[in-house]
1. Considering only the other residues whose Cβ falls under 15 Å of the Cβ of A:V244, what net charge follows from Lys and Arg at +1 and Asp and Glu at -1?
2. Can you give the Kirkwood hydrodynamic radius of the range A:269-379 from its Cα pairs, in Å with one decimal?
3. In terms of modelled amide H atoms, which long-range or inter-chain residues lie less than 5 Å from the amide H of B:F91?
4. Taking the Cβ of A:M39 as the center, what net charge do the other residues with Cβ under 15 Å away carry, scoring Lys and Arg +1 and Asp and Glu -1?
5. How big is Rg to Rh over the range B:128-224, alpha-carbon atoms, Rh as the Kirkwood inverse-mean-distance radius?
6. Roughly how many Å is it from the Cα centre of the range A:193-225 to that of the range A:300-347, as a whole number?
7. Please work out whether the range B:42-101 counts as rounded, prolate or oblate from its C-alpha gyration tensor, where a ≥ b ≥ c are the square roots of the eigenvalues and a/c under 1.5 means rounded, while otherwise a/b larger than b/c means prolate and anything else oblate?
8. Need the C-alpha centroid separation for the range B:111-190 versus the range A:250-270, integer Å.
Amino acid sequence: MINRKVILSIAKTHLLTKIKQTATAALGVTFGIGAYIIMVSFMTGLNQMLDDLILNLTPHIHIYNEIQPSKKQPITLYDDFKNSFNIVHSIKPKMNQKKIHNAYPIINYLAQNKNVLGVLPQLKSQIFYIAGTIELGGSLIGINPIEEATYFKLNDYIVNGSAEALYNSSNGILLGIEIAKKMSLNVGDRVQIGTVSGTVFPLKIVGFYQSGIADVDVIQSFANIKTVQRILGEPENYITDINVKLKDIDKAFLMAKDIEKQFSLTAMDINTANAQFDTGSSIRNLITYAVSITLLIVAGFGIYNILNMLIYEKMNDIAILKAIGFSGKDVQLIFMYQAVIIGFVGGVLGLILGFGLSHLIDNVPFETEALPRVKTYPVNFNFWYYIIGISFALIATFFAGYLPSQKAKKIDPVDIIRGQ
Amino acid sequence: MRKVLETKHINKYFKKPVLFHVLKDISMNINEGEFVSIMGKSGCGKSTLLYILSTMDTDYDGELYLNNKLITRNSRQELSYIRNKHIGFVFQFHYLLSEFTVLENVMLPAKKLGEKTFQEIEFEAMQKLKMLNIEHLAKKRASRISGGEKQRVAIARALINNPSIIMGDEPTGNLDSHNSENVFNVFKKLSIEEGLSLLVVTHDDDFAKQTDRIIQMEDGKIIT
């Protein structure tokens, strides 16, 4: 212990008397780590935002009745043609109700599963927005607004309103913002909704829905489930879709398969629905890390260089230390300590620099149509990035210091003393 | 008389640039409290011998004993410890750590040894400096003092762990006559008053004449 203290004090003295070189080396690390923190925070923030754009809107498992042709056509049931080659032309989809049979018992059953975070019923219906003589086709989705806000961040996509306002209004509608623009409607106005069967209902606009995807915003609106059931003239158990949010997104695939088997419904999991998203994020992450690691390696070479120079300058000191009883290992430790001190100081400053600049970026205005709630650039202040940053600084400087210090260890004091 | 240092049949070869037999069958010993000087012309191998005796050079044949213990094939770690505890060095060039103060330079070997607290070490270091009449330099940077003073600091540093023997490689070689005399007097005083064993390589006749015994070397052999 005493030994370590002595060695540390020598390392410190060396660093402090060569403060300019030390500062240069440490600054290399500072910029490397700082750039890493900024890049990773900003890139992952952006990634998160882009992913959320789609993933927030997509349930982990989406359960519905799909309109599709029967897998078994009647002819296959007829034994006489069993061994023949049958061709059926013009197959039509099977007549099927849109409604999920026994929806509420299924919801209750799924809600008990411990992997499930939330189960939300939805009622999708085709409607028309009526403006004078013009009828605009669209869809009205009946939802439980409070639960949608909790599990699918509905509030992030509402402009001039809130999920609570929708919940509190028995004839309220969250109108798609593009429709509102087309029809010059404002919050508080009434909009006429026509159903397929021809009935017309006036609904009061409690807010605008803006998903950021224009094609969706020009069609889709939301209302309470009960409101939609009333418009359609359907009973209270009329549900067309069930959205499930899981605790662990990776279990979605298997669970979707189980649900399909158990209830003979279609269950689409999020990975199948949005396979391309994973690829995009992982490539962006790869680029972030490649650039960061390059920066840190450059910083590492800076340290390597400066320590190498320092060791040439300190040849005499190394010889004296060895002559008065410091072992090769002690001398190596002196230089390793110097490298790690440079790495630590530079790294911590880098974290501070990175945090400061990320904070600055976080406050730069960034207005986008896509996300009404986003007012500034998205920055991800994940604590782990800071841990990774400082670890990398220490590891990189450790290796940068190792080779020069190994050289210092091997220096033969006799060569130096004789050489003078 | 107890032998502090003893060599038996030491041979050393330089392999580069050509094979060269530097030390030829060196057998010698130094008794406790003896002040010995090694003399010889340049290139006769006297410095090479000193580096072997100092344990810094381990590439030789033969046996080296310190305090009657064979230390020839000890590990580098053990040899470092031996140098630290039992051997004090004074070189021709005043090898001090220039960025440290005089006091820190003197304390360093004792701190490395770690047998005493830093307070005790500081007290002893001050005593050594007082003994050599340079206590007023204690807080100065080692790079800010004169050559003669540096050499005395180096002696104080060599003394700090109360070593069995002090070795000097032309300790007066780089000093003017006044400072040389000064350094010699310090050695003489240590030899007489403290009973220290000293081994000094020199080619200063006046210096050598005043020591207890002169080992004369020529072409890698001891002649007297």
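Here, each number is a calculation from the coordinates, and none is a lab measurement. Source: prediction; values computed, not measured. Using ideal geometry, Cβ is built from the backbone for each residue, glycine included, and neighbour counts are taken over all protein chains shown.
1. Every neighbour counted, the sum reads -3.
2. On the way: mean 1/r = 0.0533 Å⁻¹.
Over the range A:269-379, the inverse of the mean reciprocal pair distance is 18.8 Å.
3. For B:F91, the qualifying residues are B:D169.
4. 0
5. Rg/Rh for the range B:128-224 comes to 0.99.
6. Taking the Cα centre of the range A:300-347 as reference, the centre of the range A:193-225 is 71 Å away.
7. Because a/c hits 1.5 or more and a/b fails to exceed b/c, the range B:42-101 counts as oblate.
8. Cα centroid to Cα centroid, the span is 85 Å.
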